[in-house]
Amino acid sequence: MIAAIPPAQRRLLGLLVALLLVAQIDQPYPDVALLQHIPTMLLLVASPWLLRHWPLSTASLACIVAFMALHTLGGRYAYSNVPYDDWTRALTGASLSEAFGWTRNHYDRLVHFAFGALSVVPVAEIARRRGGLGPRGATLTVLAWVLAISCLYEIFEWLLTIVAAGETADRYNGQQGDIWDAQKDMALAALGAILVLAAPRRDRR
């Protein structure tokens with residue numbers, strides 16, 4: 001089945017496998033690592049079968065891999081502890097939190113925004129090729145997908161933390177004391193999709 005996948009797509013999947021393996025080296029939060037990385041592992045295992053039955057363009061797969069790569073990085077640090085301030089301080093001498101006055105780790109916000117933005121190409125492609133929809137129908141499908149999946153994910157995350165995360169629930173879901181965390185995450189995902197959909201068509205391609 002893997003041989004049927006175009007070489008460029010095999011390389012993309014290989015990069016994601018490599019990133020997932022590297023993310024496990026000296027894992028700083030082993031108590032929640034498995035919960036964070038299960039989606040990526042399942043996707044990689046199923047990808048040969050999925051791409052064989054429902055092939056995607058390389059651009060669409062690249063969007064999916066890019067999102068999963070961001071998720072894998074976040075999962076390594078349980079999202080709330082991604083050390084982007086340390087990285088930017090080492091490069092520029094100043095941290096992002098100091099520059100923008102942030103009081104929480106905003107990496108999870110970036111990933112939710114990226115989910116919306118990176119969903120546009122693959123979901124619109126599927127809506128056109130598999131659903132026979134025109135541009136307007138594909139646009140509405142993208143928005144419906146992003147809003148529905150964002151909502152379902154927040155519900156799933158809530159249930160999973162109650163059932164599986166136990167004492168590590170707060171660390172797993174990354175709420176960081178914000179009671180409006182779920183609503184902000186969903187809004188950012190919608191914003192990401194809207195900005196890409198609103199871009200000039202040539203730039204979007």
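Please indicate, with yes or no, whether at least one residue in the range 75-97 is part of a helix (DSSP H, G or I), surrounded by fewer than 16 Cβ atoms within 10 Å (Cβ to Cβ) and of a type in the set (S, T, N, Q). Yes, the range 75-97 has at least one match.
When restricted to residues that are surrounded by 14 or more Cβ atoms within 10 Å (Cβ to Cβ), at pLDDT below 80 and among the β-branched types (Val, Ile, Thr), the range 134-174 contains 2.
Applying the criterion of being without any contact (Cβ under 8 Å) to a residue 24 or more places away in the chain and not in a helix (DSSP H, G or I) to the residues of the range 25-46, the residue that is nearest to Ala69 (Cα to Cα) is Ile25. In the range 100-133, of all residues being surrounded by 15 or more Cβ atoms within 10 Å (Cβ to Cβ) and small (Gly, Ala, Ser), the one that is farthest from the chain's Cα centre (by Cα) corresponds to Ala127.
Restricting attention to the range 26-46, does a residue exist that is surrounded by 12 or more Cβ atoms within 10 Å (Cβ to Cβ) and more than 22 Å from Val82 (Cα to Cα)? Can you show your working first?
Of the range 26-46, the ones surrounded by 12 or more Cβ atoms within 10 Å (Cβ to Cβ) are 27, 29, 31-41, 43-44.
Still in the running and more than 22 Å from Val82 (Cα to Cα): 43-44.
Among the residues of the range 26-46, at least one is surrounded by 12 or more Cβ atoms within 10 Å (Cβ to Cβ) and more than 22 Å from Val82 (Cα to Cα), which makes the answer yes.
The values are calculated or read from the model by the stated rules, or taken from the named source; none is laboratory data. All values derive from a computational prediction rather than experimental measurement. Here the Cβ is made from the backbone with ideal geometry for all residues, glycine too, and neighbour counts use every protein chain on show.
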